[in-house]
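A.B. asks: Submitted below is the structure of interest, expressed as structure tokens.
Derivation of every value follows stated rules applied to the coordinates shown; laboratory data play no part. Source: prediction; values computed, not measured. No Cβ is skipped: glycine too gets one built from the backbone with ideal geometry, and neighbour counts run over all protein chains shown.
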Amino acid sequence: MKRLFNLILACLLIVSLSACGKQAETENDMTGGQEQQTQGGGNTVTGDISFNFETKTVLLNSGYEMPIYGIGTYSLTGDTCVESVTVALNNGVRLIDTAYMYHNEESVGEAVRNSDIPREEIFVITKLYPNQFDHPEAAIEEALAKLDIDYIDMMLLHHPGTGDVEAYLAMEKAVADGKIRSLGLSNWYVEELEEFLPQINITPALVQNEIHPYYQENDVIPYIHSLGIVVQGWYPLGGRGYTAELLGNEIISEIATAHGKSSAQVILRWNLQKGVVVIPGSSNPDHIQENTEFFDFELTEEEMERMGALDRGEKHDWY
Ligand SMILES: NC(=O)c1ccc[n+]([C@@H]2O[C@H](COP(=O)([O-])OP(=O)(O)OC[C@H]3O[C@@H](n4cnc5c(N)ncnc54)[C@H](OP(=O)(O)O)[C@@H]3O)[C@@H](O)[C@H]2O)c1
């Protein structure tokens, strides 16, 4: 009887200790996020930017969670954009990439508002273009008004350019004012980052650059990751005009057949396994759905190496 009593006591102790561990973990996470936000000029609190394949999210250094796959909206405008984003949302996509330069922030906002998904569950990225850098406060207000979704989850500078530091500092002010939650950069590489980061206060949470099997950025990605910054790839399928070549690549097709998947799904999966967030663009409902179904298989080390060997340093756009 006494032994049974001791056993129950031991079990209770273990349960209560593991509950404490969970709480401590949560508090640590929250502290990390808060440190980042209150650090001001301190710059850089390196968070754990490894992907959570269960929740399909990553914890940004800003303290916010972001989905690791989404839809890109470059070249989608008007009703096509509203419909594509709506199909994506209906298929479980919660990350949407837009930009001032895509002329579709209103359409993205419309799709988000029309969905019955709680605002907090959707993550919208938009970008300031260099021709806006000389009036960043007004440009931020313009993005907020066009999107009309209360706040912007993340704003990026689209390219380096004259006035980029001042524009970033204006975005920092908008973070303090609760208008934007996280900040990032696009088309910033190692040299550009080394020059830019010492001039700003809030470390970017994300850098979005061209990444696909023919342009892999294998030197840039580890550098960005080492700063605690998440990497997101644009043109994951090579971009319009190049997709046929990439999707028809013999090695990629062979790997796809081996897994009973499409070439697009293999490329998206390869990105995630490299720690790169994907935002394929599409207005085809079948493709949009297909681009969400790549969590039920895994590329082997050998397959990752074969994909890695496809790198040609071949950029599909100038920036
Ligand atoms: N920061 C920057 O400077 C920058 C630059 C470029 C792009 N971006 C962002 O990155 C996103 C992705 O780039 P992107 O859209 O230009 O190029 P992408 O995603 O590499 O390719 C889009 C093309 O792939 C096709 N496609 C999509 N899914 C497919 C599938 N499962 N099977 C076969 N074809 C498929 C699409 O055609 P369908 O419509 O027929 O599916 C479209 O023609 C953009 O939308 C944009 O948000 C950022």
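A.B. asks: Write out the trypsin sites (Lys or Arg not before Pro) in segment 212-319 meeting two conditions: DSSP loop, and at most 10 other Cβ atoms within 10 Å of their Cβ.
C.D. replies: Loop-located and lightly packed - Arg312.
A.B. asks: Related question: Based on Cβ point charges of +1 for Lys and Arg and -1 for Asp and Glu, what charge dipole magnitude is obtained for segment 46-308 about its Cα centre, in debye rounded to the nearest 20?
C.D. replies: Computed about the Cα centre, the dipole is about 220 debye.
A.B. asks: Continuing with the same structure: Between segment 66-99 and segment 248-267, what is the separation of their alpha carbon centroids in Å?
C.D. replies: If we compute the Cα centre of each part, the gap is 24 Å.
A.B. asks: If you don't mind, there's one more thing I want to ask. Please work out whether the chain counts as rounded, prolate or oblate from its C-alpha gyration tensor, where a ≥ b ≥ c are the square roots of the eigenvalues and a/c under 1.5 means rounded, while otherwise a/b larger than b/c means prolate and anything else oblate?
C.D. replies: oblate
A.B. asks: For Lys261, list the aspartates and glutamates whose Cα falls under 15 Å from its own Cα; do not include residues on the same chain fewer than 8 positions away.
C.D. replies: By straight Cα distance, Lys261 reaches Glu250, Asp286, Glu290, Glu293, Asp296, Glu298, Glu303.
A.B. asks: Still on this structure: On a C-alpha basis, how far is the centre of segment 142-168 from the centre of segment 276-292 in Å? Whole number, if you could?
C.D. replies: Segment 142-168 and segment 276-292 have Cα centres spaced 24 Å from each other.
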